[in-house]
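Step one of this worksheet: look at the structure below.
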Amino acid sequence: MTDGPVDTERRPQPIEAVPVRHPGRWLAVAVLAVLAAMLVNTILTNPGFRWPVVGRYLFADPVLSGLRNTLVLTALSMLIGIVGGIALAVMRLSPNWVLSGVAAVYIWLFRGTPLIAQLLFWNFLAALYPRLSLGVPFGPEFISFDTNQLINQFAACLLGLGLNEAAYMAEIVRGGLVSVDEGQTEAAGALGMSRAQTLRRIVLPQAMRVIIPPTGNETISMLKTTSLVVVVGYFELLTSVQRIYSQNFQTIPLLIVAAAWYLALTSVLSVGQGYIERYYGRGSNRGQTGARLLRRRTAQETR
Amino acid sequence: MTAPTTPMVEAVDIHKSFGRVEVLRGVDLTVQPGEVACVIGPSGSGKSTFLRCINHLERIDSGRMRVDGDLIGYREAGGKLHELRESEVARQRREIGMVFQRFNLFPHMTAAQNVMEAPRTVRREPRGAARERACALLDQVGLQAKYDAYPAQLSGGQQQRVAIARALAMNPRLMLFDEPTSALDPELVGEVLDVMRALARDGMTMVVVTHEMGFAREVGDTLVFMDEGRVVEAGHPREVLANPRHERTQAFLSKVL
């Protein structure tokens, strides 16, 4: 305990001590440096990589159209997954046991069966229901469709990937929603805000901090999971590449082409995730420098 | 305006249980417009639960709760009680401001945004007008320089003053305070009590659950002592504090004073 006023005249002497040496760390660094050099060397000198072939196919038309399908499938399935996941999470947390139970069964079913089986199921739905129709339940029908025309390969892929993702997203969103302090809901309720307003304006924005990182995981994972659409005869990046190397046998270079694109997309997504996290981290003390910058900016915008 | 004969709060025989535990065992309380009622009592006496029954954050099991003549949470028709719909409960709550022990500010919004939120979303006020009024309210609670600070950047006392401004933004007829200074460092208690004192002076009807005997004595019109889910004693604060009639009140006051 200090007594009396602090002496501001005398500045404290900074400690000058000999730092602890870490020979083990230096050894590890040296070993890693040598291994890295060997890796770079072999990548550049081993002719088996065939870098010219990689360069020739990186922007080839079939690769780019596969890439486009990968992007479209990932974006749309994640959209279905996120919207469906939020709906399922809200249902799961409903005091009504029917709503909560339906959500629980959905999550159980879609997480508990293989995605490939689900993709095939949607693709072969016509075998079970040759025609789908809109009408009064147990009553007259208004319009009816040929199932095979309504659900083409692309639609089957979206249904399979999106509905499966919704089950996983539901648990992620639910985790985020329950992480928000109950006092927030009470404060909003006491102000006369409705449950929907409270969810949209107060609870969800705070839950986002918890929801975003695993959602980033899911999106990056989805990027690669889309390659499963090959089972219903659709194609995306990996499938296009496989088709090419099954003809010209340049397996390794073409896999490198696919890997390079996946890495590029993952990098873009990671950066995007960082920005979204910073946005939803506003007001939090645990933000990094970026969060503080953004915080200052959003504060000025509302002025 | 309110007829002078209509009490602001009229609680009749309020009962409330959580599972097997009966927290409120028949609470009666009447608060007139402009009155400041301070509720004291040991922890677990049901005082916070009672406060939360006034704006239907807790549903009462039996009895009648009226605010400004309106039955809270229910509608009486044909000799039967009908539960109010969520939107109707929300409408009743707009008239009743509430301040919590742990502030419960929205951490992702600045001070001004916290105050603007309900006027913007509930009353659909335009941004400019809401912002102007929010700033005026923050001025009123002494936070001129803190419009754009996030709650995490404010001290406890400042956060609680933002919370009071947020509750006032809906122009409530009644303000409920649930131990507003219990989570504060002792040196920050004063600034919050000052704001509440000014509110009382302006004629706001207030029900304050508190441990601040000094505030109760100075600002309160009524002091209510609760224990084991009942109102044990109520009266003028100076009277109750100086000459508690009930044994239980005497025992409690001898410990806290």
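The values are calculated or read from the model by the stated rules, or taken from the named source; none is laboratory data. What you see is a predicted model; the values in this text were computed from it and never measured. All Cβ positions, even for glycine, are placed from backbone atoms using ideal geometry, and neighbour counts span all protein chains on display. Calculation scope for accessible area: heavy atoms of the full protein, side chains included, ligands and nucleic acids excluded. Shrake-Rupley method; radii C 1.70, N 1.55, O 1.52, S 1.80 Å.
Observations on the structure shown:
- Averaging the sequence gap over all C-alpha pairs within less than 8 Å and six or more residues apart, then dividing by the number of residues, gives chain A a relative contact order of 23 percent.
- Structure remark: mean-square fluctuation, Gaussian network model of chain A, C-alpha springs under 10 Å; the largest value among A:L265, A:L64, A:L128 belongs to A:L128.
- For q = 0.10, 0.14 Å⁻¹, Debye-computed log10 I/I(0) when each Cα of segment B:121-257 counts as one equal scatterer: -0.41, -0.73
- For segment B:39-142, applying the loop criterion from DSSP together with a ceiling of 14 other beta carbons within 10 Å to the GluC sites (Glu not before Pro) yields no site.
- Histogram of C-alpha separations across chain A, 10 Å bin width, %: 5, 17, 21, 21, 18, 10, 5, 2, 1, 0
- Remark: relative contact order (segment B:81-166) = 39 percent; criterion is Cα-Cα distance under 8 angstrom and separation of 6 or more residues.
- Candidate residues B:V207, A:V102: accessible-area rank, largest first, probe 1.4 Å: A:V102, B:V207
- Cα centre as origin, Lys/Arg/Asp/Glu Cβ charges: chain B dipole, Debye: 620
- Percent antiparallel among DSSP beta bridges (both partners in segment B:148-257, rounded to 5): 50
- Taking segment B:207-257 and dividing mean pair separation by its residue count, relative contact order in percent (alpha carbons under 8 Å, at least six apart): 26
- Only Lys, Arg (+1) and Asp, Glu (-1) charged, at Cβ; segment B:143-255 dipole about Cα centre in debye: 220
- Summed residue charge, Cβ within 11 Å of B:Q140's Cβ, Lys/Arg positive, Asp/Glu negative: 0
- For the residues B:D68, B:D61, a 1.4 Å probe over the protein chains yields an accessible-area ranking, largest first, of B:D61, B:D68.
- For A:L79 and B:S155, a Förster radius of 45 Å and the Cβ-Cβ distance give a FRET efficiency of 0.60, rounded to the nearest 0.05.
- Pair-distance profile P(r), taking every C-alpha pair of segment B:49-100, with 10 angstrom steps and integer %: 24, 60, 15, 1
- Exposure check, 1.4 Å probe, all protein chains in place: B:L81 carries approximately 70 Å² of accessible surface.
- Radius, Kirkwood style, for the protein assembly as shown when every pair of distinct Cα atoms is counted (Å): 29.0
- Shown for segment A:45-141 is the translational diffusion coefficient from the Stokes-Einstein equation, using the Kirkwood radius over Cα pairs, a temperature of 20 °C and a viscosity of 1.002 mPa s: 118 µm²/s.
- With a 1.4 Å probe rolled over the protein heavy atoms of all chains, the accessible area of A:W97, A:W108 falls in the order A:W97, A:W108, largest first.
- q = 0.18 Å⁻¹: log10 I(q)/I(0) that the Debye formula gives for segment A:156-297, counting C-alpha atoms only: -1.08
- Charge dipole (segment B:5-102, unit charges on Cβ, about Cα centre) - positive-most of B:N55, B:S43, B:I96: B:S43
- Remark: spin-label model distance A:T42-A:T147 equals 5.1 nm, labels positioned 7 Å along the Cα→Cβ axis.
- Percentage, to the nearest whole number, of Cα pairs in segment B:12-103 over 24 Å apart: 21
- Kirkwood-Stokes translational diffusion coefficient of segment A:5-73, alpha-carbon pairs, 4 °C, 1.567 mPa s, µm²/s: 70
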